[in-house]
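The values are calculated or read from the model by the stated rules, or taken from the named source; none is laboratory data. These numbers come from a predicted model, not from an experiment. Cβ atoms come from the backbone with ideal geometry, glycine included; neighbour counts cover every protein chain shown.
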Amino acid sequence: MSIATAVSTINVPFHGADLYVVSVDNEAYTPMRPIIDGMGLTYQGQADKLKSRFAKGVREIMIPTKGGEQTMLCLALRKLNGWLQTVSPNKVRPEIRDNVIRYQEECDDVLYEYWTKGSAVNPRKKTTVNERTPLRDAVNMLVGRKGLRYDDAYNIVHQRFNVESIDELDLEQITMAVEYVHRMALEGEFLGKQLELPMPKLDINIPLQWWIDNNPVVRSGNLSFGKSMCAPALDVTMPMLCGDNSTSSAIRLINILEAAGFDVSAPKAEIVAMRSHLANIEYGMKAIADACRRAGNKTISFRGAKAEFVIN
């Protein structure tokens with residue numbers, strides 16, 4: 001990776017951290033170390049992810065600072081939101097969760113506004129961070145009780161109040177949202193009282209690209225299958241089919257519907273059972289392969305409930 005030199009640099013104060021936007025070859029980049037550290041994440045792990053999943057938007061750039069020039073790993077500003085969305089608040093330590101959510105909600109907008117206009121004013125923001133704290137606390141409780149991902153929990157609020165971010169809620173709506181989330185979180189409350197607010201308009205989009213983005217081990221072939229009858233070429237792996245539930249698009253969809261008040265217990269039970277069954281099969285196949293490898297030229301016998309298998 002060649003090292004470029006920044007043509008121009010601006011400093012952007014953001015929640016007690018100094019972020020930067022620099023220009024190289026007529027494109028805006030942002031150094032990632034201050035952002036990753038500001039969120040409280042482990043730098044090396046995120047740096048490895050950036051180099052593997054955002055290779056075309058990553059550069060090493062020499063940046064002038066008060067302490068002299070420093071080489072920093074930078075990401076194209078247009079790619080920043082894509083990286084932010086790969087960080088799941090549900091998987092980080094509880095003590096940094098609010099920081100992650102705050103950066104996801106505001107960071108890319110602030111940097112873009114500073115770079116293009118010289119200042120950042122979000123006209124959609126109707127409340128302060130402190131005024132939104134009760135809603136974040138309510139969402140924390142909902143996630144803890146229902147086992148949702150944080151982005152799914154926030155999406156439920158966004159859909160109910162027809163906003164893209166909780167920043168767009170006014171103080172009265174914050175109060176309503178807190179009450180709404182509490183009703184969902186408390187057993188027996190949500191189903192009995194949900195008619196006080198209009199039913200949510202479900203805007204669910206989980207495209208094939210979501211599966212690929214959340215399962216980086218998959219290698220894709222033809223993805224432009226659109227209206228054609230054939231599926232894309234995917235190198236599907238066992239971890240995708242029976243690994244971490246957070247990477248399953250089917251479970252993600254079921255969790256969203258369940259949190260919105262729909263009874264989807266039957267398809268949920270089916271998906272969980274199939275994933276568990278596949279995991280057991282994978283374990284058995286690995287055990288057989290391991291036994292064959294250790295046996296060498298010896299005869300191996302596998303006795304099942306109905307048959308006996310012999311491998312010479």
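Total residues in region 24-40 satisfying the condition of being of a type in the set (G, A, S) and at negative phi: the figure is 2.
Mind telling me which of the residues N99, N90 ends up being under 29 Å from T128 (Cβ atoms) and touching a Lys or Arg at 6+ places or on another chain (Cβ under 9 Å)? On inspection, the qualifying residue turns out to be N90. Selection of region 137-166 for residues being part of a helix (DSSP H, G or I), within 15 Å of R102 (Cα to Cα) and among the acidic types (D, E) yields D137, D151. Put simply, of G261, G284 the only residue that is in a loop (DSSP other than H, G, I, E, B) and at pLDDT 70 or above is G261.
Of all residue pairs spaced 6 or more apart or on separate chains, those with beta-carbon atoms under 9 Å, a first member in region 58-83 that is in the same structural domain as R33 (by TED's automatic domain parsing) and polar (S, T, N, Q) and a second member that is part of a helix (DSSP H, G or I) and buried (at least 19 other Cβ atoms within 10 Å of the Cβ) are N81/Q104; N81/C107; N81/D108. Can R97 be described as crowded, with 18+ Cβ neighbours inside 10 Å, over 27 Å from K268 (Cα atoms) and at pLDDT 80 or above? When the stated conditions are applied, R97 passes them.
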